[in-house]
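The values are calculated or read from the model by the stated rules, or taken from the named source; none is laboratory data. Bear in mind that the values here come from a model prediction, so they are computed numbers and not experimental data. No Cβ is skipped: glycine too gets one built from the backbone with ideal geometry, and neighbour counts run over all protein chains shown.
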Amino acid sequence: MTVIKGLFSLIIIMLVILAVLFVDFAYKTFSLGPQEVKADAIVVLTGGRGRVEEGIRLYRDNQARWLFLVGVDPAVRKSELFREQPGARGGEGVILEKVSRNTLENAIYARELVVRHQVRSLKLITSRYHMKRATLIFRSVLSKEVAIYPYPVDSKNLKEAWWSHGGSFRLLFSEFYKYCLFRFFFLFGSGELRPASFNL
């Protein structure tokens, strides 16, 4: 009986800790704001509404020398995403990456672009709900010499009152679960995934 009570107490404690961590994750997700700083590159994780458009807007506003659109469908052409406009900045600095299919692959293939173009700082654009996990993965995969500035984009499927909106709650909890998995993963694998330092 004592053993059962002990296990029950342990489960309760673990659930309380999980709830606290989840609420903290949700709070930090909504407290993230776009950082208005110039960078060497803008990295857009494609696949969510508004991400590419915001990346192009910042690029045309000369917020970075390069615009890396990562995770683009292989069938999509550059001209379909970036349309030249008279009097506006051209697409000579826009590069499409078409191989990666998930966030970890996004970071690994983006790393090749970062090293090749000697990028020292980047703005990372993705949906707000995806921002903490994406930032964790990019910080774990890229060289420590590269500064990362999160730039979240809001989406209609995530409501600020997430506790009263079933879809938002499920979306946030799914991201929290994946975020925790990657935190544990990088405790053991980050050394192998991060490249050696490079001279810029």
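General remarks:
- Residue within the stretch 26-41 that is surrounded by 15 or more Cβ atoms within 10 Å (Cβ to Cβ), in a helix (DSSP H, G or I), touching a residue at least 12 places away in the same chain (Cβ under 8 Å) and not aromatic (Phe, Trp, Tyr) present: yes
- When Ala110, Ala88 are checked against the criterion of being surrounded by fewer than 17 Cβ atoms within 10 Å (Cβ to Cβ) and either assigned to a helix (DSSP H, G or I) or of a type outside the set (Asp, Glu) (or both), a single residue qualifies: Ala88.
- Condition check for Leu45: closer than 21 Å to Ser121 by Cα and within 15 Å of the chain's Cα centre (by Cα): yes
Yes/no per residue for (1) in a helix (DSSP H, G or I); (2) crowded, with 18+ Cβ neighbours inside 10 Å; (3) in contact (Cβ under 8 Å) with a residue 24 or more places away in the chain:
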position: Arg101; (1), (2), (3): no, no, yes
position: Thr126; (1), (2), (3): no, yes, yes
position: Tyr129; (1), (2), (3): yes, yes, yes
position: Ala134; (1), (2), (3): yes, yes, yes
position: Phe138; (1), (2), (3): yes, yes, yes
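- Residue check for Ile12: more than 22 Å from the chain's Cα centre (by Cα), surrounded by 10 or more Cβ atoms within 10 Å (Cβ to Cβ) and at pLDDT below 95: yes
- Qualifying residue in the stretch 63-84 (condition: charged (D, E, K, R), under 16 Å from Ile148 (Cα atoms) and surrounded by fewer than 19 Cβ atoms within 10 Å (Cβ to Cβ)): yes
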